[in-house]
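Any read-out appearing in this document is the output of simple, stated calculations on the displayed coordinates, not a laboratory observation. Just so it is clear, the structure is predicted and the values come from calculations on it, not from any experiment. Using ideal geometry, Cβ is built from the backbone for each residue, glycine included, and neighbour counts are taken over all protein chains shown.
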Amino acid sequence: MASRTYRAEAIVLKTNDFAEADRILVLFTRHFGKVRVVAKGIRRATSRMAGHAEPLTHATYQLARGRELDVLTGAEARAIYRDMRDDLALIAAGWYVAELVDRFTADRVPSAPLFDLLETALRSLDAGMSAPVVCRWFDLHLLDRSGFRPELGVCAHCRTPLAEGTNAWEPAAGGAICAGCATRLSLVAPLSVRALKSLRFLLVSDLDTAARLRLDAMLAHELDRHLRAFVRYVIDRDIATARLMDELRDLKPPARVS
Ligand SMILES: [Zn+2]
C-alpha cells in the first residue's frame, strides 16, 4: 500500500482562505505538477507553518493524501524571495508569472521544465532583474515549453522568410506575418524590426543572457502588447495581474520608465 504521506518541492501559485482559519494552497510542484492542498488552522497565530503558506513561497512540503484534497502537515522553506516582496513592481511580476503558470497547467500533470522556468523567473526578480525583461522572457519560454512557440522566422501565414522591415503580429496565425499578408488580413498589429529581433533574442537566450536586452519604454510596451495578445489568444482570457502591472507602470513618473 502506498504511503499516506509524501514530500514535494513546490512554489505556491495562489491561496484561498476559507472556514475559520484554513487555507487552500495551489502548489506547483516539481515532480507532481499542480496540486491543491489544504492547510488546516494556518491562519491561527500559533501556526508554525504560516510563513510557508503565502503566495510565491518556495518550500519542500510534507503532504498527507486526503480524500479530496491533500493536507499540509509540514514545510521547510527553500526561498522566501524577501527582496522581491519589498518592491511593488517586482512582486507584481512574481504574481504575473505565477498566474500564467496556473493558467497554462492542468492539475497533476508533472512538468519539471515549467517548474524550472518559474523558479528561475522568481529568483531573478528577487535579485533585482528588470521586471519587463523577466516577464517577456517568461512569456516566450512558457509558450515554447507549452507547445505554443510563436513563429518568428518565416511568415506564419504564407511561410515566406520575413523581410528586414516592418512586419505584423497576428496571434491567430501563430506569430509574425509578412507585410504582404498583413495587407490582406484585417486587424493585425504592426511589428517593428527591433521588436522582432528582441523576440528572437529572448527566445534563444537563457535569462541571464536575456538581461542584456536594453528595453526602452517604447520597445517594452510593444513587446508587452504583442505577447499579451498572444497569451490571451492561447488561454482565451485576460491576465488579471497584467492589468495590475499596467496600473503600477502608469503610477511612475515618465522619467523612471524610459
Ligand atoms: Zn505572408
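For the chain, find the longest principal axis of its Cα atoms and tell me its angle to the long axis of helix 112-126, 0 to 90°, nearest 10. With both axes taken from Cα atoms, the answer is about 90 degrees. Measuring r between the beta carbons of R214 and I80 and using R0 = 45 Å, the FRET efficiency lands at 0.90. Measuring how big the stretch 5-80 is from its alpha-carbon positions, Rg and Dmax come out at 10.9, 31 Å.
Since only L185, L72, A163 are under comparison, the one whose Cα sits farthest along the positive direction of the charge dipole of the chain, derived from C-beta charges on Lys, Arg, Asp and Glu, is L72. Taking label points 7 Å from Cα along the Cα-to-Cβ direction, S3 and D144 give a separation of 3.7 nm.
Using every pair of separate Cα atoms, the Kirkwood estimate puts the hydrodynamic radius of the stretch 83-257 at 16.7 angstrom.
For the chain, the residue among V35, L202, L244 whose Cα projects farthest onto the positive side of the dipole built from Cβ charges is V35.
Under the convention that each Lys and Arg Cβ holds +1 and each Asp and Glu Cβ holds -1, the size of the dipole of the stretch 86-129 around its Cα centre is about 160 debye.
Applying 1/(1 + (r/R0)^6) with r as the Cβ-Cβ distance of R184 and V204 and R0 = 35 angstrom yields a FRET efficiency of 0.70. Think of each Lys and Arg Cβ as +1 and each Asp and Glu Cβ as -1; about the Cα centre, that makes the dipole of the stretch 154-258 roughly 120 debye.
Each residue of the stretch 141-157 was assigned a 3J(HN,Hα) from its phi angle through the Karplus curve 6.51 cos²θ - 1.76 cosθ + 1.60 (θ = phi - 60°); the sequence is 6, 5, 4, 4, 6, 9, x, 10, 4, x, 6, 10, x, 10, 4, 5, 9 Hz, with glycine and proline shown as x. Taking amide H as placed 1.01 Å from N in the peptide plane, A75 has its amide H under 5 Å from the amide H of Q62, each at least 5 places away in sequence or on another chain. Among the GluC sites (Glu not before Pro) found in the stretch 15-120, those both in a DSSP coil and sparsely packed, with 13 or fewer other Cβ atoms within 10 Å of their Cβ, are E20, E68. The long axis of helix 240-251 is offset from the longest Cα principal axis of the chain by roughly 70 degrees. Seen against the Cα atoms of the chain and their longest principal axis, helix 193-204 is set at about 40 degrees.
Find out how many positive minus negative residues lie around A156, taking Lys and Arg as positive, Asp and Glu as negative, among other residues whose Cβ is under 12 Å from that of A156.
0
Scanning the chain for trypsin sites (Lys or Arg not before Pro) in DSSP loops with at most 13 neighbouring Cβ atoms within 10 Å leaves 160-211 as the longest stretch between them.
Once you charge only the Cβ atoms, +1 for Lys and Arg and -1 for Asp and Glu, what is the size of the charge dipole of the chain about its Cα centre, to the nearest 20 debye?
Working: 37 positive and 32 negative charges, 79 e Å.
For the chain, the charge dipole is close to 380 debye.
Report the Cα centroid-to-centroid distance between the stretch 185-258 and the stretch 1-51 in angstrom, as an integer. Comparing the Cα centres of the stretch 185-258 and the stretch 1-51, I get a distance of 33 Å.
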